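Everything below concerns the one structure shown next.
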Amino acid sequence: MPSRTVNKNVRQADVSARAAAARISSAEPGDDPGSRTLRRGLQLLDAVLASGREGLRVVDLCRAAGLERATVHRLLATLVESGYAAQRGRFRYVAGPRLAAMAQPAGMPNMAVRLRPVLERVSAACGDAAFAIVREGPASHCIARHVGTHPVQILVIQVGTRQPLGVGAAGLALLSALPDDEVHAAVAANARVLGRYGGMTPERMALLVRATRERGWSVIGNHATDGVLAVGMAVRNSEGEPVAAISVASTLDRMPRERQQLIARWMREALAALLPGGL
């Protein structure tokens, strides 16, 4: 019988996909569904990490992990929600905020370290506490705080505090800077808990996002904390992508419209002076 030759047009990606599928199908008999799901999720995460800053499309992830599109979408939703993966643009997926710090070269300052001088400058100018947050899926995570000199400091959150993205001024600024599909996904993920924050609703959040985009900076009061109003501004990286945000919070009587605008100007000036190339 004549020997068969391999079709040279078969792409390496397809070969890898079949190999990956074979590995999954050859799981031990005692392998339970939970273990299989975890293995697939980790396999998908490995592919995302291997793609670096460019990321991969869903179709590429299906080939790399040897998984069906529906399975990849389901696993990606969980990875994004938990902060282990993130969308880059509309179609690609990269390592999320929980893993980004681990991927930084040795000696590279993290975002908290780089944002602290900005917070110090803004806080010195206004006398109030300043905060920095990053995104973790549909949540915000406070990574730095600087206390001001005014006798009454409104310390609405502490370093380590996590809350739904958008209920605070910094989170609202960061949420508003994201593409529409990511905004909708984050609001939908938080819909069940938004009411705990001053009666916030998805509809109210949509209005705040629209106003923030028109203004260029956020302002929100009486939602995360009663009697408090805060101003926020998104912080972008060297490629122009929103990756963090800063805010200043104070009592309502210290935050008339003119002072809100002044604080926003101080924020913009501090970012331009201290992070001219982005975070």
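Every number in this text was worked out from the coordinates using simple rules, so none of it is lab data. Everything numeric here is computed off the predicted structure, so don't read it as measured data. Neighbour counts are summed over all protein chains in view; Cβ atoms, including those assigned to glycine, are modelled from backbone coordinates with ideal geometry.
For segment 170-213, the extents of the C-alpha atoms along the principal axes are 24, 18, 17 Å, listed from largest to smallest. For the pair R192 and E258, label points projected 7 Å from Cα toward Cβ lie 4.8 nm apart. Taking the empirical scaling 2.2 N^0.38 Å for compact globular proteins as reference, segment 123-215 has a Cα radius of gyration ratio of 1.12.
Going by average Cβ density within 10 Å per residue, which order do the peptides 55-68, 244-257, 196-209, 129-142 take, highest to lowest?
Values: 55-68: 19.1, 244-257: 20.9, 196-209: 15.9, 129-142: 25.4.
Per-residue mean Cβ counts within 10 Å order the peptides as 129-142, 244-257, 55-68, 196-209.
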